[in-house]
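The values are calculated or read from the model by the stated rules, or taken from the named source; none is laboratory data. Note that the structure is a prediction, hence the values are computed from the model and not measured. With ideal geometry, Cβ positions are generated from the backbone for all residues, glycine too; neighbour counts draw on all protein chains shown. Heads up: the accessible areas ignore ligands, DNA and RNA and are worked out on the full protein's heavy atoms, side chains in. Shrake-Rupley method; radii C 1.70, N 1.55, O 1.52, S 1.80 Å.
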Amino acid sequence: MGDMSNSDFYAKNQRNEDNHASPFGCSVMELRSLMELRGTEAVVKLQEDYGGVEGLCKRLKTSPTEGLAGAQPDLDKRKELYGKNLIPPKKPKTFLQLVWEALQDVTLIILEIAALISLGLSFYHPPGERGGGESCGSAAGGVEDEGEADAGWIEGAAILLSVVCVVLVTAFNDWSKEKQFRGLQSRIEQEQKFQVVRAGQVIQLPVADIVVGDIAQVKYGDLLPADGVLIQGNDVKIDESSLTGESDHVKKNADKDPMLLSGTHVMEGSGRMVVTAVGVNSQTGIIFTLLGAGAEEEEKKEKKGEAVEDGHQNTGKMQDGNMESNQIKVKKQDGAAAMEMQPLKSAEGGETDEKERKKVSVPKKEKSVLQGKLTKLAVQIGKAGLLMSAITVIILVLYFAIDNFVMQKRAWLTECTPIYIQYFVKFFIIGVTVLVVAVPEGLPLAVTISLAYSVKKMMKDNNLVRHLDACETMGNATAICSDKTGTLTTNRMTAVQCYVGDVHYKEIPDPGALPPKSLDLLANSISINSAYTTKILPADKEGGLPKQVGNKTECGLLGLVLDLKRDYQSIRNQLPEEKLYKVYTFNSVRKSMSTVVKLSDGSFRMYSKGASEIVLKKCSHILNEVGESRVFRPRDKDDMVKKVIEPMACDGLRTICVAYRDFAGSPEPNWEDENNILSDLTAICVVGIEDPVRPEVPDAIQKCQRAGITVRMVTGDNINTARAIAIKCGIIHPGEDFLCIDGKEFNRRIRNEKGEVEQERIDKVWPKLRVLARSSPTDKHTLVKGIIDSTMVDQRQVVAVTGDGTNDGPALKKADVGFAMGIAGTDVAKEASDIILTDDNFSSIVKAVMWGRNVYDSISKFLQFQLTVNVVAVIVAFTGACITQDSPLKAVQMLWVNLIMDTFASLALATEPPTESLLRRRPYGRNKPLISSTMTKNILGHGVYQLIIIFTLLFVGEQIFDIDSGRNAPLHAPPSEHYTIIFNTFVMMQLFNEINARKIHGERNVFEGIFRNPIFCSIVFGTFAVQIVIVQFGGKPFSCQPLDVEKWMWCVFLGLGELVWGQVIATIPNSRLRFLRRAGQLTQKDELPEEDVNEENEEIDHAERELRRGQILWFRGLNRIQTQIRVVNAFRSSLYEGLEKPDSRSSIHNFMTHPEFRIEDSTPNIPLIDDTDDDSARRRGKYSSQPTSPNKNNNAIDSGINLTIDTSKSAASSSPASPLHSLETSL
């Protein structure tokens, strides 16, 4: 109940403070009750109790304009009195709690029980043992040996010890995961800063340092970090849905509704507020305190039910300084990730799985692809393991019983019962061992390690991952919808051209060349009509570029003012922000910003700036070459667009028009009637602002396209500018078949007559769409939703979206992975996103794709290794037990193997660093089975090798090495050299196979880049060293007999054989192994062909791939020629309907017009290659964002030959509509 007691503590504090008049004029409680009021009652209360906002500021000893003085003692005093601006996080789980949770694992519990029974029995000596030993069944013969009988306890103890090892490792992993998550959370907290005025200076403060009495500057896109009262505001609108659930934006102004609440989003406008409540006392803090208490109650209930991994639900309660209810989603999310990894541990995952899933509220997006596949796989393997172990135990028991009581007709003697029980326990332990080896508890571990490792490394690549599974989803991304400004471009705006006084200057002119009147208007308009927080500061280092702070477009315009030798700061100082009469802030609907000022003679002047085509539409006058206004006719507008704006836009410049309008003082205009106010303007100038493309972007985009990811640019900019930038970035290449449209055209194409969006209409647009210009946030959301919901292609598209503005929130949430900009992004965007790009750079997205694919591959590598060991160990234990009544691999040895396999291998293989080659293949897609056919081939291949070796050693090993046979050893017999060799060889084979497992696409060189991964090397060598110790000094507990050097050499040699065998397997082409196609289908039943295609694409080596590509292109070409011939014929047949052309009969074309031939012809023309390739050819056409052929539109041809058949029929029948019809379909 930590959270509650905290608030009680504050409350007590407040009471004491109320008794001694506090150093400030209000207590926490008074402020808290003030903040609970809304609207007019709040204004009234402020007036009556405090004398308005000014009075409140006086009482809080702060100045509305200068802010706090910022002296440390004063700040400390405020923190002590009113609390800090953070909510105490819930205590993390202690290590012991995690150990306790790890012990809950079903298989471990079974093992513990078995070990305890075995221990108990080994200390029990039946009374009549000395004499009647013989009568108790043949196999008891070995018990005679005095010293051996005493060592019976060792096996039980060793099992317990290994259980302890497993538990500690698991707990440690959970603990480090939790720690990392906390670290991440605090990193996100530190990232969040807020603008505060202290001692007259605007500074960026970490949210946690804000105190009551601070004057905070609020602006569009902020997420309020504390409660406060608005002092002065322009057009402030707030989205309070996170607190009230009402989606309508609430207008705030100082005289009607000045209350601003923490955790709400500023959707429009700007202003200043005085902070009145922070941390636990703010509105969101109060909610969280209640939540904290609620979670505790819940937990108690749950503890009674069953131990559920609820730790992860609560990893959640690390609040950021901004604690809004969205955050809760984040926690659930991580909870969900953790939970989804949990069920894998239980053997019969099925049932528990369901229960646990229900407990965690629905995660933000559908379960991540990988986790879905893994859970399914683990449950299947678990069931198989359970079955095998049950059969093993039953067979052993039956064999023993039949052998003793039926064949040798012994009676069951009471004094022999303990010995029999010991046998049964031994059988049971063997069964459990089979189960332990079969259940891949390393899977959840591998996922966790891999994700955690990736997330940590992605930090270095400027990706701050907020939701773990986003990292892996990114590897499957097929489309990226990116913003232009700041992501693809440097977001450093500079004005490079302008049009003033009827002259188009290709570079910024000398101030003397401009009419003085225009110059004054221009300087005033830009300086006043921009956010006062936007500034250009001197460069940090000598000779650097000046620093741009605030809105970058405005910085570009201010730069123009400075280039024209004017000082914007002095103009602003004459007209401070409080004196601005009315501000229409920029938003995505207006696409312009206007500021009204009152002139000295009582009249008003409004300055406007905004997107040129939008502002020019509203202009009726323009300043001429001497600075006088002249009429600006529609004809002039068109001229202007053609001669000035389009050329600027085609140079990739963003065009901004600056204008103004004068109003009479009386009667005062109706400022709310925006349409009338924002019309009849006088244009001052048009400025072309350059935002250069980031140098590394074209390369990054090319990588994406190679990796099968389509990049689309969605921007608010002019279509020509957008197209120019898209060409510079390489999003579009001249001569390709693509669409560049603006928002209007987009909506015209996707909406029906009623104005509703139709999926099939979107499906016509999105595959070719590359640039969407002048788009509104809704367009962006519609596009993302349209692509995700599209069923045109077999694979569901996985879409990543970048966004920085508040209005991008919906699109970021809808996308599979939302990237927010760390520098330019608003808090709202960061809140909705999954990954924050700390450097706002597109090329970081490519790194995210690489890491995402790497996670997927790491897990496949681990699976390939794990399943080989599982298959072999289970079969060996099972057959060994059935044939020799004793598993060749003892329980403790199995646990050691399990430890190498699971824990260490997951560490070694999950931390492979990504390579560029990951970006050279298509995304896997949602339905590709986890285990590809190459992997199946490897698993089965290596499994066969290992089984042959082990069975050879088991049945003829004693003759080969000339040692005593270890088979049919009595109970408690000393360990034999024979079985030690088997165990040792088994481990050696696993070690070398671990190196094989580093590659999963059938590559030859398994050592490539092995030294780049120190963890892998150290684990392999470490395991080897430990194995030597176990064999030489393990003795009884490990059932090992020390081996001499020669036998060791043999073991290592057999292990090395794995590497050679790996090469042999790699030479077998997959196409030979048809049956494997079914085997790899562990997760999905029906998407077979897809997997083939991928295999085909991945595993053919390059030369072969080129060759195939040649074949495919050749067939495509052929196809296309045929189609063209058909079209020509279709035309012919309808033109010369009645006339037979003289030479027509003999021409090949005509030969093809006859339906009966043509239909024949169009079917067999592709399957000259074997089907899979044909398949892959078609598929490539379908999926690839850039098919290998230049013509984008070959879908009709590649994917459905039948189309051509239909058209040919219709063409042949020469119905009047046919020529066009066939043209459309076949082209």
Fill in the blank from the handout: Heavy-atom accessible area of region 174-257 with neighbours in place, 1.4 angstrom probe: carbon+sulfur share in percent works out to 48 percent
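Take peptides 635-643, 902-910 and line them up by average Cβ neighbours within 10 Å, highest first, as a rough protection proxy.
My ranking of the peptides, most packed first, is 902-910, 635-643.
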Completion exercise
Expressed in nanometres to one decimal, the distance between label points 7 Å along Cα→Cβ at Ser247 and Val631 is 4.7 nm
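Nearest 0.05, what FRET efficiency do Thr915 and Phe123 give at R0 = 45 Å with Cβ-Cβ as r?
Efficiency, from the Cβ-Cβ distance: 0.20.
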Exercise for the section: Pop the C-beta distance of Glu753 and Val589 into the FRET formula with R0 = 25 Å and round what comes out to the nearest 0.05. Expected result: 0.55
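Give, in nm to one decimal, the length gained when the segment between Ile883 and Lys643 is fully stretched (0.36 nm per residue of separation minus the Cα-Cα distance).
Going from the current span to full extension adds 77.2 nm.
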Practice task
Over region 381-522, average the accessible area per residue using a 1.4 Å probe and give it in Å², no decimals.
Solution key: 35 Å²
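Report in % the part of the accessible area of region 477-519 that belongs to carbon and sulfur, leaving out ligands and nucleic acids; probe 1.4 Å.
With neighbouring chains kept in place, the figure for region 477-519 is 57 percent.
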Exercise for the section: Please report, in debye to the nearest 20, how large the charge dipole of region 902-1015 is about its Cα centre when each Lys and Arg carries +1 at its beta carbon and each Asp and Glu carries -1 there. Expected result: 960 debye
Completion exercise
The answer for region 752-863, accessible area per residue at 1.4 Å probe in Å², is 27 Å²
Exercise for the section: Determine the order of Asp794, Asp857 by accessible area, beginning with the largest, at a probe radius of 1.4 Å. Expected result: Asp794, Asp857
Exercise for the section: Report the one residue of Val1006, Val1045, Val1029 whose Cα lies farthest in the direction of the positive end of the charge dipole of region 994-1045 (charges on C-beta: Lys and Arg +1, Asp and Glu -1; origin at the Cα centre). Expected result: Val1006
Fill in the blank from the handout: accessible surface per residue for region 934-1064, probe 1.4 Å, DNA/RNA/ligands not counted, whole Å² -> 42 Å²
Handout entry: Sorted peptide list for 993-1002, 222-231, criterion being average Cβ within 10 angstrom, highest first
Key = 222-231, 993-1002
Completion exercise
Ordered by number, the trypsin sites (Lys or Arg not before Pro) in region 485-535 that occupy a DSSP loop and have at most 12 other Cβ atoms within 10 Å are Lys506
Problem - Estimated distance in nm for a label pair at Glu745 and Ala664, the labels positioned 7 Å out from Cα along Cα-to-Cβ - result: 4.5 nm
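What is the extension gain from Phe1007 to Ala157, computed as 0.36 nm multiplied by their sequence separation minus the C-alpha to C-alpha distance, in nm to one decimal?
Here the answer is 302.1 nm.
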Completion exercise
In whole percent, the fraction of accessible protein surface over region 744-871 that belongs to carbon or sulfur atoms, probe radius 1.4 Å, stands at 53 percent
Practice task
For region 368-460, build the charge dipole from Cβ charges (+1 Lys, Arg; -1 Asp, Glu) around the Cα centre, then report which of Gly372, Leu413, Gly431 sits farthest towards its positive end.
Solution key: Gly372
Problem - Inter-probe distance in nm under a simple model that places probes 7 Å from Cα toward Cβ, at Lys764 and Asp1044 - result: 8.6 nm
Practice task
Kindly state, to the nearest 0.05, the FRET efficiency for Thr533 paired with Phe1033, given R0 = 60 Å and r defined as their beta-carbon distance.
Solution key: 0.25
Handout entry: Highest average packing first - 60-71, 687-698, Cβ atoms within 10 Å
Key = 687-698, 60-71
Practice task
Would you mind checking the pairs Lys517/Lys642; Lys251/Lys598; Lys565/Lys642; Lys193/Lys484; Lys373/Lys813; Lys552/Lys591 and listing those with alpha carbons more than 21 angstrom apart?
Solution key: Lys517/Lys642; Lys251/Lys598; Lys565/Lys642; Lys193/Lys484; Lys373/Lys813
